[in-house]
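Trainee: Take this structure, written in structure tokens, and hold onto it; I'll ask about it next.
The values are calculated or read from the model by the stated rules, or taken from the named source; none is laboratory data. If you're wondering where the values come from, they're calculated on a predicted model, not measured in any experiment. FYI the Cβ positions are ideal-geometry reconstructions off the backbone, even for glycines, and counts take in every protein chain you see.
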Amino acid sequence: MTRALAIALLLVTLLCTFTQASAASAKIGFTSHSNGQTVNPDENQKFTWNAVSGAKSYAYSVRDLTTDKKLINLEYTTSKNFTLKASKLVNKHTIRVWVAAYAGKNGTGTLISQATIELKLKAPEPIGFTSHKNGQTIKVNADQTFKWNTISDAKSYAYSVRDLTTDKKLIDKEYTTSRSFTLKGNKIVGGHKLRVWVAAYTGKNGSGKLISQATIEINVQKTGSVITAKRQKVLERANAWLNYSWTTKSEFKLWNTNVTIPKGTKVKGVPYSMLSMYNNLDSFKNLDKSKIVTKTGNVSGYGKRTGPAYGSDCVSLVADCWFYADNFIGTRGNKWDRISQAPGVKKLSDYSELKPGDALFIKQHAMLVIKIDNSKKEITVIEQTADGLSKSMIGTRSKTYTFSSLKKSGYVPYTYSKLG
């Protein structure tokens, strides 16, 4: 080997040594996280740090400062990273992460350098619709503006709408910096179901990290079945009858039965009675319930009957619901023919013409229509009835009937024109 070649090899060796030394540092520091940073506790956290000159091993540990609990006890590695599982992280807590470089294996030898950072754990805010609710029913052919809450750190939002009935996209994936978008009414088909999706991203136009997303499904009213505000009031009133909860203050027998309701029993609805009737729900609510005892009396057209001293009958429920919606002037009492012949009450030609809030009458009974399913030929009603009385049904109930069974019993459909 010539003298010149030996000098050249020496220079190369020195250069390599210098390069390796310069690639490592005498001081350790995190390269993945910074002190005071906020991280998502729903995600695994991978911690990395720089190489330290002369280090043969690294030690690390993690402590939850909120609970003063060790999440990772003292552990060792020869690599320059470790992963903390999300399952160990708790939202809104603070953690301290420590790492150190040692000259020997498994944390032996001289401690060369160490570093500590503290991190705040905060889960992303959930995005949610503020304009519509899951399962809501919307009007056909009406523009729908969907709105949602502000999401911190979001630079853009993405949204889409799919018609689930046809599996057709009404709005493909689009982006916005605002917190709303409008679906045109001419894209909405009556009787269909829609799925609406929105998501928040850290970058522009859906780039960066997905922060949060939400989906709702909404129903579109069938053409011609729009529920007016007055009909909605009728339905609200009928459900108030059905769901009125109270506790008995006296023992009494149910109408024309041997079923006894003990004192202190929690019940729902209004007891069926034709003795001393309450023609509206508000009056019954204000009644001293200790007066509801067993009573026997004569009922016109029925003879002697035994049952609750106070309660209500079928026609009273229908008339009260109509009165609540539009000051119905028909008699609120047990005369079915009076309500069917009251001003504004009209007979319909077929069950298919019924709308929620209408009624079904026969000479001895009246029922309020809640829902009509023409495809299944079924009608759901809320009624005040003496049929099927029990401790769980004292008079007010909801029941679904088939068109055929109603026609067989002679029920005639009626509407109150002021309901719209």
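Trainee: Of the residues N40, N91, which is at pLDDT below 95, out of contact with any Gly (no Cβ under 7 Å at 6 or more places or on another chain), outside the structural domain of S152 (by TED's automatic domain parsing) and surrounded by 12 or more Cβ atoms within 10 Å (Cβ to Cβ)?
Mentor: Exactly one residue qualifies, and that residue is N40.
Trainee: Whether any residue in region 49-58 is outside the structural domain of D153 (by TED's automatic domain parsing) and closer than 30 Å to S212 by Cβ is what I want to check.
Mentor: Of the residues in region 49-58, the ones outside the structural domain of D153 (by TED's automatic domain parsing) are 49-58.
Applying the additional criterion that residues be closer than 30 Å to S212 by Cβ yields none.
Taking every residue of region 49-58 in turn, none turns out to be outside the structural domain of D153 (by TED's automatic domain parsing) and closer than 30 Å to S212 by Cβ.
Trainee: Select, from S250, S283, S300, the only residue that is small (G, A, S), assigned by TED's automatic domain parsing to the domain that holds G395 and in contact with a strand residue (DSSP E or B) (Cβ under 9 Å, 6 or more places away or on another chain).
Mentor: The unique qualifying residue is S250.
Trainee: Can you pull out the strands (runs of 3 or more DSSP E) entirely within region 188-259 that have at least 3 residues that are under 24 Å from the mean Cα position of the chain (by Cα)? Steps first, answer last, please.
Mentor: On the way: elements: 193-201, 210-220, 245-247.
Here the list reads 193-201, 210-220.
Trainee: Given the structure, is I112 within 38 Å of the chain's Cα centre (by Cα) and not in a helix (DSSP H, G or I)?
Mentor: Answer is no for this residue.
Trainee: Search region 62-78 for residues that are assigned by TED's automatic domain parsing to the domain that holds F47 and pair each with any residue that is assigned to a loop (DSSP other than H, G, I, E, B) and of a type outside the set (A, V, I, L, M) when their beta-carbon atoms are under 6 Å apart and the residues are at least 6 apart or on different chains.
Mentor: D64/H93; T66/H93
Trainee: I'd like to check something: does region 106-123 contain any residue that is closer than 30 Å to S160 by Cα, surrounded by 13 or more Cβ atoms within 10 Å (Cβ to Cβ) and not aromatic (F, W, Y)?
Mentor: Within region 106-123, one or more residues are closer than 30 Å to S160 by Cα, surrounded by 13 or more Cβ atoms within 10 Å (Cβ to Cβ) and not aromatic (F, W, Y).
Trainee: For region 170-208, give me the residue count where each residue is out of contact with any strand residue (DSSP E or B) (no Cβ under 7 Å at 6 or more places or on another chain) and under 20 Å from N149 (Cβ atoms).
Mentor: So the count comes out to 1.
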